[in-house]
1. Which whole-number percent is the relative contact order of region 31-142 (Cα, under 8 Å, 6+ apart)?
2. What number, in percent, do you get for the relative contact order of region 61-218 if the mean sequence gap of Cα pairs under 8 Å and at least 6 apart is divided by its residue count?
3. Sort 59-67, 182-190 by the packing proxy (mean of other Cβ within 10 Å over each peptide's residues), most packed first.
4. Give the dimensionless ratio obtained when the Cα radius of gyration of the chain is divided by 2.2 N^0.38 Å.
5. What whole-number value in Å² describes the accessible area per residue of region 29-115 for a 1.4 Å probe?
6. Carbon and sulfur together cover what percent of the accessible area of region 29-115 at a 1.4 Å probe radius?
7. List the residues, sorted by chain then number, that are 5 or more residues from residue 37 or on another chain and whose placed amide H is less than 5 Å from its amide H.
8. Taking the Cα centroid of region 200-272 and of region 81-100, what is the distance between the two, rounded to the nearest whole Å?
Amino acid sequence: MALIIDGKKIRDHNLAIMKKEVEELNSKNIYPCLCVIIVGNDPASRVYVNNKKKACENIGILSREYALPTDTETSELLALIDKLNNDEEVSGILCQLPLPVQIEEKTVLERISPEKDVDCFHPYNVGKLVQGDAVLKPCTPNGIITMLDYMGYNIEGKNCVVIGRSNIVGKPMAQLLMERNGTVTVCHKKTIDLKNITSRADLIVSSVGKPKFLTADMVGEGAVVIDVGMNRDENGNLCGDAVYDEVEKKASMITPVPGGVGPMTITMLMKNTILAEKIKN
Ligand code: NAP
């Protein structure tokens, strides 16, 4: 039976440290502040934005929400970002994705000042990450590294397999694992004989987004399994990529869904907001 990597416990541990850090900053009249922009009425985005605001509140980070109508034009959003880029009181800016179709997402994300880019989507920050020189690190992959550190797992020299190559999860995950001296293989839809690759891995990070994708025969005895997937099963319940009950019997450690990687993403957003404020000062 695998040891369960408890994302909520690791989140609470990290947030408690950050809360103290914010108190210390406040005592020096430094106030980290996160601006969250939401365009339109996507219910899932609304939940994410509310959760981000709540996390800020819990640890004393100031937060501002900018809710724009669905028919907002790219130029209007850019004007808001310019204003926030130039606002001395703002530490971090994030634009909740997805954006409505008429908005040029790439242009918008590139407009956020790299120093305030707490989601770490700006090409400057992506470049710094590739150079192994990043200050702000992408939230979900950095949350995974933080979890592995908490569990005392040493990545160095390990055979790490990342399934998925998205800009948000797979690619930055591979970079961060490499930064820790893991030997990294990145798999995708065109990968041949995926099972042969994953079954030899010490560490598997699955970021595919398909329920029941990662089956027990794809996992080697004693592997560490990080399940990034956030899917709905046939009953509408939240589930990951792994067939949890099967995989858990073979793995040495595993993240559950929910309660695994999910809670760490917002935690790292808080971390980046504090860092961004520190850089500013
Ligand atoms: P994405 O952009 O859809 O990427 C999925 C990746 O999986 C792609 O690279 C795709 O390969 C690969 N893939 C799909 N089918 C495959 C197959 N049969 N074999 C091998 N590779 C396959 O998704 P994402 O944004 O990275 O997110 C992935 C999952 O993580 C989703 O469930 C998402 O909701 C979840 N997520 C969770 C968090 C969190 O905080 N917990 C954060 C972000 C994302 P190709 O490149 O070849 O198409």
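1. For region 31-142, the relative contact order is 27 percent.
2. Values: 188 pairs, mean separation 25.1, N = 158.
For region 61-218, the relative contact order is 16 percent.
3. Ranked by mean Cβ neighbours within 10 Å, highest first: 59-67, 182-190.
4. 1.01
5. Numbers: 4390 Å² over 87 residues.
On a per-residue basis, 50 Å².
6. Ligands and nucleic acids excluded, carbon and sulfur give 51 percent.
7. Under 5 Å from the amide H of residue 37 lie the amide H atoms of 66, 94, 95, 96, each far enough along the sequence or on another chain.
8. Comparing the Cα centres of region 200-272 and region 81-100, I get a distance of 31 Å.
The values are calculated or read from the model by the stated rules, or taken from the named source; none is laboratory data. For clarity, every value in this text was computed on a predicted model and none was experimentally measured. Reconstructed Cβ throughout: ideal geometry from the backbone, glycine too, with neighbour counts over all protein chains shown. Keep in mind that these areas ignore ligands, DNA and RNA; they rest on the heavy atoms of the full protein, side chains included. Shrake-Rupley method; radii C 1.70, N 1.55, O 1.52, S 1.80 Å.
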